[in-house]
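Structure, as structure tokens:
The values are calculated or read from the model by the stated rules, or taken from the named source; none is laboratory data. Just so you know, these numbers come straight off a predicted model, no measurement behind them. Reconstructed Cβ throughout: ideal geometry from the backbone, glycine too, with neighbour counts over all protein chains shown.
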Amino acid sequence: MSGQDWIEKDFYAELGVPKDADAAAIKKSYRKLARTLHPDANPGDAAAERRFKEVGEAYSVLSDPEKRQQYDAVRAMAGGARFSAGGGGRGQAGGAGGFEDLLGGMFGAAGGGQRARYGPGPGAGAGQGVPPGFEDLLGGLFGQGGAGGGPAGFGAPQRSRQGADVQASTTLDFLTAARGSTTTLRAGDGTTVTARIPAGVKDGQKIRLRGKGASGGPGVPPGDLVIAVAVTPHPVFSRDGDDLRVTLPVTFAEAALGAEVEAPTPDGGTVRLRVPAGSPSGRVLRARGRGVTTAKGTGDLLVALQVVVPQRLSDEARAAVEALAAATDGVAGGAGVRADLLAAARGGAPEGGGSR
């Protein structure tokens with residue numbers, strides 16, 4: 001991307017957001033467009049691929065607070081004062097010719113319309129009330145040097161720069177995100193990168209891979225690759241921090257009498273658990289060390305019991321249930337199981353203390 005691109009391209013329009021959009025709105029719009037325009041979703045569509053790259057370029061600038069500040073300042077200057085090129089008859093007074101040369105000081109280009117990397121390093125213009133890196137542009141205009149602010153030609157030290165960060169996104173299924181994976185990504189600038197996604201990554205999390213971004217040129221370190229991860233839900237497991245949750249159906253007999261049951265684990269196996277006698281629906285059993293493994297440790301598998309009531313009963317089964325109801329009447333049947341609830345609803349009045 002050249003400096004002139006910052007003048008000519010409206011990155012806000014590329015992403016379909018207003019100029020005062022906050023970071024969340026910019027990210028939301030980018031992710032929606034990136035998924036729609038991704039080459040994997042539009043094989044052979046050159047127009048979609050071109051738009052995908054343009055959206056990636058726009059997001060790489062607007063998602064970075066420093067670059068966005070510089071971009072807004074450059075666009076504002078380009079729309080106001082006009083500059084002529086300094087020497088050689090390049091450009092005309094009152095026109096935009098030569099503005100590329102001025103931007104060369106800011107973007108690291110050597111003038112003459114050469115292509116330049118965007119993304120000046122942090123610290124430029126700090127504490128001086130101007131956008132980072134913008135002082136370089138003004139220094140080029142008024143004959144001053146780089147970071148030192150002294151006259152050009154007197155060995156003023158040059159600020160260390162870094163190549164631009166590259167934005168990418170990937171969608172992982174729930175179990176792949178829990179286990180970690182190596183995946184090939186297509187970045188916003190159209191390049192492909194093989195990246196290791198660590199185990200335990202969460203939906204919406206961003207992963208920064210140092211030095212995997214755009215080249216910074218000779219003697220300048222490359223930028224970073226920033227990966228936005230989306231995780232699809234799982235039909236059985238859900239995540240609670242580093243723990244995993246699952247709901248396990250059990251029969252009335254298993255819950256009432258106690259039993260050993262098997263619960264599924266995320267690795268495709270099972271774990272045996274002891275259901276205590278008299279377990280109600282909602283009781284949670286814990287299988288330690290069967291959750292998500294991250295750099296901080298491994299979580300647990302939390303198994304919530306769900307007592308299943310038969311939808312249809314044979315005559316024999318119905319007779320058995322009726323016999324159970326008669327045997328437990330006044331102990332755990334009828335109003336007995338609701339006594340505490342009814343007392344609390346009456347304001348804590350003891351049983352028998354109110355009208356029925």
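Quick notes on this structure:
- Checking each residue in segment 267-305 for being touching a residue at least 24 places away in the same chain (Cβ under 8 Å), farther than 15 Å from A256 by Cβ and among the β-branched types (V, I, T) picks out V271, V292, T293, T294, T298, V303.
- Flag if G278 is modelled with pLDDT under 90 and part of a loop (DSSP other than H, G, I, E, B): no
- Test: residue in segment 277-288 that is surrounded by fewer than 17 Cβ atoms within 10 Å (Cβ to Cβ), touching a helix residue (DSSP H, G or I) at 6+ places or on another chain (Cβ under 8 Å) and of a type in the set (S, T, Y): yes
- Residue list for segment 1-37, filter: surrounded by 14 or more Cβ atoms within 10 Å (Cβ to Cβ) and at pLDDT below 85: M1, S2, G3, Q4, D5, W6, I7, K9
- Of the residues making up segment 23-62, those that are under 11 Å from F11 (Cα atoms) and not aromatic (F, W, Y) are I26, E54, V55, G56, E57, A58, S60, V61, L62.
- Strands (runs of 3 or more DSSP E) fully within segment 203-266 that include at least 3 residues being under 15 Å from F174 (Cβ atoms): 225-231, 238-240, 243-251.
- The one condition in (1) of a type outside the set (F, W, Y); (2) part of a strand (DSSP E or B); (3) assigned by TED's automatic domain parsing to the domain that holds R288 that V193 fails to fulfil: (3)
- Total residues in segment 41-77, condition in contact with a strand residue (DSSP E or B) (Cβ under 7 Å, 6 or more places away or on another chain) and in a helix (DSSP H, G or I): 3
- Filter result for V331 (modelled with pLDDT under 85, assigned to a loop (DSSP other than H, G, I, E, B) and of a type in the set (A, V, I, L, M, F, W, C)): yes
- For first residues located in segment 31-49 and more than 21 Å from D203 (Cα to Cα), partners that are assigned to a loop (DSSP other than H, G, I, E, B) and lie 6+ apart or on another chain with Cβ distances below 6 Å form the pairs A48/N42.
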